[in-house]
Amino acid sequence: MARADLVLNLVETGIKGDLPRFKKTAEAIAAEASARRQYHLADKLKNILTSTATVEGRHFTFDSSLQNSFYEIRTQKTFDDLTLPEQVVSTFQEVVEEHARKDLLRSYNLEPRHKILLSGPPGNGKTTLAEALANHLSVPFFTVKYEGIINRFLGETAQQIDKLFEHIKNQRCVLFFDEFDAIGKEREDVNDNGEMKRVVNSLLKQIDLLPSHVVVIGATNHESMLDKAIWRRFQVQIEVPSPTQRMATKWFEEFECRIGHSLGLAPSTMARRLMGLSFAELEEFALDVQRKYVLGLPESEKNIKAITSNCLNVWSKRVKNK
C-alpha cells in the first residue's frame, strides 16, 4: 500500500489539475511499489504514465498509426538561452502568462493566444524558440514529420493532416511545423495540380478548430511562399532576425561563460569579422575553435588567440561567399 501522504497528494493535485505534480506523485508511488516488490502495480503505473496523459478532463493515448507523423522532443531550452531582440522574447513571455492565467481570461470570455508564426532566415533560433516556449508552458513539444504526412496519392495528405490534428488536440502541447511552407504553400501556384489546394484547405480548417490548449507554431524561411490565408490564422506573427553585431557580441560573451575561458579575441572583434553569419554558424565557428583548443591541451591554453585567429581566417571566406 502506498504511503498515505502520497495518496493524499495524488488526490489533491488531481483535483487541482496540477498535471506536473500529479505525474511526479504517481511516479513516486510507482517507485515505492517497486521498492516493496509490488512489481505488478509498479509496472501498471509506469505503463499508464508513459502511454496516457490526462488533459482537461480527457485522456490522450498515442495512436500507433501516427507514429511517423510527429515525434516528441524533450525540452531543455529556456528564453534565457536565446540571444534575440527584447520584443521577440517579451511577446513569448506574454503568451506564457496568458496560458498561466487562462482561467482569468476565460472569466471574461477570452482565450490565450495559441497560434504563432515565425519567419526569418535559417539558423537563427526559430526551432529553439518554439522549444523554449513548450518548456516554459511545461507541455510536450511535438514536431511534425512531413514524410509521415505528405503522400504521393491524391487526397491522402489532406486526410493525414486531419487525422494528426484530431489526435493532437486531445492534450495540452506545442505542435511545431518547421519549414511550414512545405504544406502551407500559396494555393495560386501555377505548378500545383490541385492537391496543394486540398492540403491548404484542410490545414486552414484544422487551425481554425484547434482548441487553445494546443499551441501551434509554424516556422518558415520563405514567408513569401505561404498562402495569404495562412497568415490571417496566426494571432502572433514574429520575424526572427539574423544577429546584429551587438547580438553576436553578446552571444560570444555568453559562449565564453559556458566554456569557462576566453577565446583569445574580444567578442566584438569576432562578431565584426563574422558579421552576416547566422547564430547556428556562429556556434559552429565557436565549437570549431573549442575542439582545436581541447585537442591541443595543455599547450593550447597559451595559444588560444592563435587558434581563434586561424579559424577566423577560414570562416571569413564563408562570410564573403554569403
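The figures follow:
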{"read-out": "Residues located in the range 43-96, provided they are modelled with pLDDT of 85 or more and among the small types (Gly, Ala, Ser)", "value": "Ser90"}
{"read-out": "Neighbours by Cβ (under 8 Å, 6+ apart or cross-chain): first from the range 68-95, open to solvent by 70 Å² or more (accessible area, probe 1.4 Å); second at pLDDT below 90", "value": "Asn68/Lys145; Asn68/Glu147; Asn68/Gly148; Tyr71/Lys145"}
{"read-out": "Restricting the range 148-178 to residues that are within 30 Å of Asp81 (Cα to Cα) and of a type in the set (D, E, K, R), the residue that is modelled with the lowest pLDDT", "value": "Lys169"}
{"read-out": "Any hit, the range 226-245, residues being without any contact (Cβ under 8 Å) to a residue 12 or more places away in the chain and farther than 30 Å from Leu203 by Cβ", "value": "yes"}
{"read-out": "Failed condition for Lys77, given (1) assigned to a loop (DSSP other than H, G, I, E, B); (2) under 27 Å from Arg232 (Cβ atoms)", "value": "(2)"}
{"read-out": "Residue check, Val95 over 23 Å from Glu72 (Cα atoms), within 17 Å of the chain's Cα centre (by Cα) and assigned to a helix (DSSP H, G or I)", "value": "no"}
{"read-out": "Total residues in the range 245-283, condition within 29 Å of the chain's Cα centre (by Cα) and open to solvent by 50 Å² or more (accessible area, probe 1.4 Å)", "value": "11"}
{"read-out": "Matching residues, the range 229-259, being closer than 30 Å to Leu110 by Cβ and not in a loop (DSSP other than H, G, I, E, B)", "value": "Ala229, Ile230, Trp231, Arg232, Arg233, Val236, Gln237, Ile238, Glu239"}
{"read-out": "Meets criteria (in the same structural domain as Leu164 (by the TED database) and open to solvent by less than 60 Å² (accessible area, probe 1.4 Å)) for Thr220", "value": "yes"}
{"read-out": "Residues satisfying the stated conditions in the range 223-237, i.e. closer than 24 Å to Glu98 by Cα and open to solvent by 80 Å² or more (accessible area, probe 1.4 Å)", "value": "Arg232, Gln235, Gln237"}
{"read-out": "Candidates Ser316, Ser262 - the one that is in a helix (DSSP H, G or I) and either out of contact with any Phe, Trp or Tyr (no Cβ under 8 Å at 6 or more places or on another chain) or under 30 Å from Arg113 (Cβ atoms) (or both)", "value": "Ser316"}
{"read-out": "Residue match in the range 99-121 (condition: part of a helix (DSSP H, G or I), of a type in the set (D, E, K, R), assigned by the TED database to the domain that holds Val216 and in contact with a Phe, Trp or Tyr (Cβ under 7 Å, 6 or more places away or on another chain))", "value": "no"}
{"read-out": "Any hit, the range 99-107, residues being under 18 Å from Thr220 (Cβ atoms), touching a helix residue (DSSP H, G or I) at 6+ places or on another chain (Cβ under 9 Å) and in contact (Cβ under 8 Å) with a residue 24 or more places away in the chain", "value": "no"}
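The values are calculated or read from the model by the stated rules, or taken from the named source; none is laboratory data. Nothing here was measured: the structure is a model prediction, and the numbers come from that model. With ideal geometry, Cβ positions are generated from the backbone for all residues, glycine too; neighbour counts draw on all protein chains shown. The protein model used for the area step is the full one, side chains on, heavy atoms only, and it has no ligands, DNA or RNA in it. Shrake-Rupley method; radii C 1.70, N 1.55, O 1.52, S 1.80 Å.
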